[in-house]
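These notes are about the structure you will find just below.
The values are calculated or read from the model by the stated rules, or taken from the named source; none is laboratory data. All of these numbers come straight from a predicted model, not from anything done at the bench. All Cβ positions, glycine included, derive from the backbone under ideal geometry; neighbour counts span all protein chains shown.
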Amino acid sequence: MSGTALITGITGQDGAYLAKLLLDKGYQVHGMMRRSSTETLERIADIRDEITIHQGDLLDQLSLVRLLEQIEPTEVYNLAAQSFVPTSWSQPILTAETTGLGVTRVLEAIRQVNPNIKMYQASSSEMFGKVQETPQTEATPFYPRSPYGVAKVYGYWITINYRESYNLFASNGILFNHESPLRGLEFVTRKITDGVARIKLGLQKELLLGNLDAKRDWGFAGDFVNAMWLMLQANEPGDFVVATGEQHSVREFCEIAFSTVGLNLDDHVGIDPRFYRPAEVETLLGNPAKAKTELGWEPQVTFEQLVTMMVEQDLKRVEREIKLGN
Ligand code: NAP
Ligand code: G4F
């Protein structure tokens, strides 16, 4: 029997993929979005009529309590966050309030309104930061390297604390980087595929990036949201690494992206130190063995398929924009 789900952060990349997945499974899907003076529903435009959108904010406790009372969800997916690592240095307090304390606000609202609601917390591989072992598992100690990473460590532990203190069904997904054509343009993968499309179609000549040697375990967002759902269907709550188990550098991502359209990265990529970070996470590689064994989860899309999919979608979008004169 399907249930009623509330997704915070429904306007984001993962919110869009998760909403589609839950609709396919027969859920009633509700999304929370913060008030904005401009429209932010672009990623969920195609399912807008099948979901219910409510205004609320992770910074506002009462809005969360009211939503839970009104919607009566069986599952809450807390995806909302200030999620861009560089912004966490320029706005560390906001990041702590949203990405860190926001988790407590959701947990408190659940505890107060209905402690039987199951909760998914969007924890992150950024918590491993300056990695203490490779590959990273659920047992690897954290060493966050940004205000974002520190806020996510807080969110992780407060989720476990509410699970242990109040017996809530609350699970952490420790998700490694996951991307898609819906990824924000400021993240490196989408910045590259958008840049490749614009260079191929003659709109720009150069793509300026930061650290090309950084390595990430990149997967496809559509695969990763399935792991979120599986965590809330398990018999017991828990904490799970969700990753592909394969690592690539930013340079390798560029190489494949440029070669997809018959271009060479050396002719177009420049380095701009403005994109270096005060403290870098040089390498991340996850071991998803627990998710595979206990949840039966495995990624479906390969790294090469992911890069190609993103380049092709950006080419189509930029071509459309050119035709429309944007
Ligand atoms: P995203 O595209 O940046 O989406 C973030 C969402 O949070 C947006 O809907 C945003 O709304 C919303 N939001 C921000 N501040 C809010 C507030 N104060 N109140 C309510 N909503 C707020 O992020 P994503 O890639 O989908 O990631 C989803 C979650 O997973 C995040 O918590 C992220 O930190 C975490 N995560 C992501 C990855 C990854 O590789 N993608 C990996 C590990 C963990 P607006 O549209 O109004 O900005
Ligand atoms: O794409 P990024 O900005 O993602 P980052 O910092 O790994 O964070 C993402 O993944 C986390 C999971 O580990 C999430 F929790 C988080 O919310 C977010 O989704 O940067 C990836 C790497 C970094 O090492 C960065 O230094 O790419 C390097 N990079 C090189 N040039 C660049 C650039 N990053 C960006 N954003 N822009 C560049 O020009």
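At-a-glance table
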read-out: MET127, sole failed condition from (1) in contact with a Leu (Cβ under 9 Å, 6 or more places away or on another chain); (2) buried (at least 19 other Cβ atoms within 10 Å of the Cβ); value: (1)
read-out: Filter pass, GLU69 being in a helix (DSSP H, G or I), more than 15 Å from ligand 2 (Cβ to nearest atom) and surrounded by fewer than 16 Cβ atoms within 10 Å (Cβ to Cβ); value: yes
read-out: Lone qualifier among TYR148, TYR166 - being surrounded by fewer than 15 Cβ atoms within 10 Å (Cβ to Cβ), at pLDDT 95 or above and assigned by TED's automatic domain parsing to the domain that holds GLU75; value: TYR166
read-out: Residue that is part of a loop (DSSP other than H, G, I, E, B), in the same structural domain as MET119 (by TED's automatic domain parsing), of a type in the set (Lys, Arg) and within 29 Å of GLU186 (Cα to Cα), where the choices are ARG43, ARG35; value: ARG35
read-out: Residue within region 31-48 that is within 16 Å of ligand 2 (Cβ to nearest atom), on the phi < 0 side of the Ramachandran plot, under 19 Å from the mean Cα position of the chain (by Cα) and of a type in the set (D, E, K, R) present; value: yes
read-out: Filter pass, TYR154 being under 19 Å from the mean Cα position of the chain (by Cα), of a type in the set (Ser, Thr, Tyr) and crowded, with 23+ Cβ neighbours inside 10 Å; value: no
read-out: Region 251-292: number of residues that are closer than 23 Å to PHE142 by Cα and part of a helix (DSSP H, G or I); value: 4
read-out: Count of residues meeting criterion [assigned to a loop (DSSP other than H, G, I, E, B) and in contact with a strand residue (DSSP E or B) (Cβ under 7 Å, 6 or more places away or on another chain)] in region 88-133; value: 3
read-out: Selection status of PRO73, over 21 Å from THR244 (Cα atoms) and touching a Pro at 6+ places or on another chain (Cβ under 6 Å); value: no
